[in-house]
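Here is the structure we will look at.
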């Protein structure tokens, strides 16, 4: 298949809420395996993937991974979560109850048979919570430098500190070229395409300035839901085969804490595999898409996801 194929852009109604979707290929028929009664696919056979972005991000950030997966014959769906990108932006409902419910309704509405579900950053925490609530709806998890985000678990942390330290900068009115240059400064090795995937986080206004798709109040509501979540408890409950990708860069404390937790889980649960990606940015799916995709495909070929 042509690795440069563009996705079909859709809006999917999930019952009063419309989500923006980028889709590569079409739904695949379920191929029952003679080794199981639950309808798992034979290792290596095509299957569906659902890709979930992080906080204040967008579905385009998964394009490089999605094209590689589709090139291997898989059906891929990347979504804009509520409040983000091309999806509806309701005034409320940004906790895990609502966003995991959105994901469940989307998978059902699109007729996806137990896809592998991947999430980056906050999206990793979303799909982990989703797996704990709806284990029957997926066959595998991929947590991309996310899922292990435990804001309240930081030593001495308080919500008041988190609310100040993680409050996003006010980018409203920033000229688009200036924002592009900011990304180039932080990621000098990135191509123009990789930069543009990140620029999908913003709406470009008629005057040439940008506006984040996610508003500040909704951003803070999501942060509060992260503060209240206990991912370590969820990980202990989830039996879905899980890959944990860790960006081996960034602040030392964060990097070491997540790596230790991931490898502890790997040692204690046969359903978990962890890998550190050397010198990778937090957005591993943009920074090292080939390495990430090859790792996922390798696990699939070994039958890790059933």
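The table that follows gives values for the structure above.
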{"item": "Compactness relative to 2.2 N^0.38 Å, alpha carbon Rg of the range 40-149", "result": "1.00"}
{"item": "Nitroxide proxy distance, nm - points 7 Å out along Cα→Cβ at residue 252 and residue 291", "result": "2.2"}
{"item": "Modelled FRET efficiency - R0 41 Å, residue 205 with residue 269, Cβ distances, 0.05 increments", "result": "0.30"}
{"item": "Tail weight of P(r) past 20 Å, computed on alpha-carbon pairs of the range 198-282, percent", "result": "56"}
{"item": "In nm, spacing of pseudo-spin labels at residue 18 and residue 233 (7 Å Cα→C-beta vector)", "result": "3.8"}
{"item": "Isotropic mean projected area of the C-alpha convex hull, the range 105-231 (nm²)", "result": "10.2"}
{"item": "Percent antiparallel among DSSP beta bridges (both partners in the chain, rounded to 5)", "result": "35"}
{"item": "The chain, helix-only ellipticity at 222 nm - DSSP H runs n ≥ 4, -39,500 (n - 2.57), divided by all residues, nearest 500", "result": "-11000 deg cm²/dmol"}
{"item": "Residue 220 versus residue 158: modelled label distance in nm, points set 7 Å from Cα along the beta carbon direction", "result": "1.7"}
{"item": "Efficiency of FRET from Cβ geometry, residue 97 and residue 182, R₀ 22 Å, rounded to 0.05", "result": "0.05"}
{"item": "Paramagnetic label zone (point 7 Å from Cα along Cα-to-C-beta, residue 9; backbone N under 16 Å) in the range 177-205", "result": "196-205"}
{"item": "Order of 227, 24 under a 10 Å beta carbon neighbour criterion, fewest first", "result": "227, 24"}
{"item": "Protection proxy ranking of 89-99, 281-291 - average other beta-carbon atoms within 10 Å, highest first", "result": "281-291, 89-99"}
{"item": "Burial ranking of peptide ranges 153-161, 14-22, 109-117 (average Cβ count within 10 Å, highest at the top)", "result": "109-117, 14-22, 153-161"}
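Any read-out appearing in this document is the output of simple, stated calculations on the displayed coordinates, not a laboratory observation. None of the values given here were measured: they were computed from a predicted structure. No Cβ is skipped: glycine too gets one built from the backbone with ideal geometry, and neighbour counts run over all protein chains shown.
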